[in-house]
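Worksheet for the structure shown next.
Laboratory data are not the source of any read-out in this text; all were calculated from the coordinates shown. On a predicted model such as this, the values are computed, not experimentally measured, just so you know. Every residue, glycine among them, receives a Cβ derived from its backbone with ideal geometry; neighbour counts consider all protein chains shown.
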Amino acid sequence: MKILIVEDESRLAEVLRRGLREEGFAVEHAANGLRGEEMIMSAHYDAVVLDVMLPGLNGFDVLRRIRAKGSKVPVLILTARSGLDDRVRGLDLGADDYLPKPFAFKELMARLRAISRRPAVEPQNRLLIADLEIQLGSREVRRGGKLIDLSSREFALLEFLVRRKGLVLTRSMILDHVWASDYDYDGGSNLVDVYINYLRKKVDHGNPIKLIHTVRGAGYVLREPSS
Ligand code: CA
């Protein structure tokens with residue numbers, strides 16, 4: 001896995017570079033936005049860690065420009081500005097995830113793994129896990145062939161879990177993705193538990209094979225049953 005870090009603070013860039021290398025990633029670094037854009041457009045990266053406050057071209061500009069040029073590289077935005085507006089703006093411009101500074105390295109790793117697993121090419125029309133089938137176009141969900149009626153929020157939550165199957169997702173990751181644009185999540189992680197509960201009732205209830213699992217002290221994971 002090759003990661004590009006676009007970050008002008010050399011100390012932070014160095015810490016990230018070292019940490020990511022220890023985790024087995026190949027790492028390259030750009031110290032300003034323009035250089036970042038050039039590198040993204042001329043090499044293949046599995047993911048880009050992109051700072052917002054950069055000299056010259058800021059992170060949002062870089063993101064807009066690489067998306068306009070057709071780059072689909074997964075991008076994780078890093079920013080000291082933790083306002084909801086910036087987060088929404090980043091996601092609207094085509095960022096795959098958003099992490100406010102300061103952050104725990106462990107969280108950065110979890111998010112990088114999550115976004116780089118995402119299918120980078122053509123979006124799939126159908127997701128399949130065991131006997132659970134999700135039609136993304138018509139938004140129809142079936143378990144064992146039987147149609148399940150989900151609200152749009154439940155659908156978004158299920159899709160998020162399925163796309164990251166096998167990966168433990170924290171409540172804040174789920175909130176950020178599924179409620180990103182319209183929920184200020186301070187103290188709201190209970191909302192995730194409530195919706196997971198709804199989903200379990202509709203998706204797992206009555207089926208001997210459970211797909212949605214709680215990981216104590218961490219969050220939730222959707223697992224494909226081992227044969
Ligand atoms: Ca910066």
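Placing dummy labels 7 Å off each Cα toward the beta-carbon, the span from D149 to K2 is 5.1 nm.
At an R0 of 30 angstrom, the distance between the Cβ atoms of A104 and M39 translates into a FRET efficiency of 0.70.
A Gaussian network model of the chain, with springs between Cα atoms under 10 Å, assigns the largest mean-square fluctuation among S151, S172, S138 to S138. The value of relative contact order for region 126-222, using C-alpha pairs under 8 Å at least six residues apart, is 26 percent. Computed from the Cβ-Cβ distance with R0 of 45 Å, the FRET efficiency linking K210 to R67 stands at 0.75. For the options I66, I209, I40, a Gaussian network treatment of the chain with springs between C-alpha atoms closer than 10 Å singles out I209 as fluctuating the most.
How high is the relative contact order of the chain? Use alpha-carbon pairs under 8 Å, at least six apart in sequence, and give a whole percent.
Once normalised by length, the contact order is 13 percent.
Over the chain, DSSP H runs of length four or greater, each weighted -39,500 (n - 2.57), average out per residue to a 222 nm ellipticity of -12000 deg cm²/dmol.
Counting only DSSP beta bridges with both residues in the chain, the antiparallel share comes to about 50 percent.
Using a cut-off of 21 Å between Cα atoms, the listed pairs K72/K106; K69/K165; K2/K72 include K72/K106; K69/K165 as exceeding that distance. Can you spot the aspartates and glutamates whose alpha carbon is less than 16 Å from K146's alpha carbon? Ignore those fewer than 8 places along the same chain. Once the sequence-local aspartates and glutamates are set aside, what remains near K146 is D131, E133, D204. Within the listed set P208, P74, P102, the Gaussian network model of the chain (springs between alpha-carbon atoms below 10 Å) gives the highest mean-square fluctuation for P208. Proximity of backbone amide H atoms, modeled 1.01 Å from N, is registered between I209 and no other residue at under 5 Å, excluding neighbours fewer than 5 places apart on the same chain.
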